[in-house]
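Data first, discussion second: the structure below is written as structure tokens.
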Amino acid sequence: METIKKIFKKIVNRETIMYIIFGVLTTVVNWIVYRIFDQLLTNGGGAEAVTTEGFQGAIDTFLSKGTAGIIAWVAAVAFAYVTNRLWVFEERAHGAKNVALECGRFVGARVATGVIEILGTPALVVLGLKAQVFGLDVAKLIVSVIIVILNYIFSKLFVFKSK
């Protein structure tokens, strides 16, 4: 029992709690920015506004949704970098060069996990994980949990590492 308590204390600490809090807020930033730009790019109609049928309609939908998604991702990564740097890992790179390197490592890690997310969900579905729970795609949920864990590991070991 004592070993479990030690493991729990090592895993659940100020840093991991702050990471979870700011991770939720990062997700909220992503969703809000996505919704705003989805509305702007579809002239206020959002998802239901894209009703044009055929190939051109598919292109319009893809471009508006893709653009809104890219803008939301950039906003979320910027928010996550600042909050992780200041309040989660409390690491302070000094000097423009060091901050740029730290930021570059952070964005690089987020691009890597973004690729895993983009490819992981369809891969799990193709492998047969087509279930839903509470109306949510189980494959997407599994990949999201993996991405959160990987983002923490990359941030801890490669981005905001102590010198």
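Every read-out reported here was derived from the displayed coordinates using simple, explicitly stated rules and does not represent laboratory data. Quick caveat: nothing in here was measured; it's all calculated off a predicted structure. All Cβ positions, even for glycine, are placed from backbone atoms using ideal geometry, and neighbour counts span all protein chains on display.
Rounded to the nearest 500, the 222 nm mean residue ellipticity of the chain from helices alone is -25000 deg cm²/dmol, with -39,500 (n - 2.57) taken per DSSP H run of at least 4 residues.
The magnitude of the dipole of the chain, with charges of +1 and -1 set on the Cβ of Lys/Arg and Asp/Glu and taken from the Cα centre, is near 960 debye. In order along region 4-11, the phi-based Karplus estimate (6.51 cos²θ - 1.76 cosθ + 1.60, θ = phi - 60°) of 3J(HN,Hα) comes to 5, 5, 5, 5, 4, 5, 6, 7 Hz; Gly and Pro are listed as x. Tell me the angle of helix 138-154 to the major Cα principal axis of the chain, expressed in degrees between 0 and 90 and rounded to the nearest ten. Roughly 40 degrees between the two axes. Compared with the dominant principal axis of the Cα atoms in the chain, helix 96-126 is inclined by about 60°. Listed peptides 18-29, 3-14 appear in the order 18-29, 3-14 once ranked by packing, highest mean of other Cβ atoms within 10 Å at the front. How far, in degrees from 0 to 90, does helix 54-83 lean away from the longest principal axis of the Cα atoms of the chain, to the nearest 10? It is inclined by approximately 20 degrees.
Computed from backbone phi with θ = phi - 60° and the Karplus coefficients 6.51, -1.76 and 1.60, the 3J(HN,Hα) list for region 15-21 is 4, 5, 5, 4, 4, 5, 4 Hz; x is used for glycine and proline.
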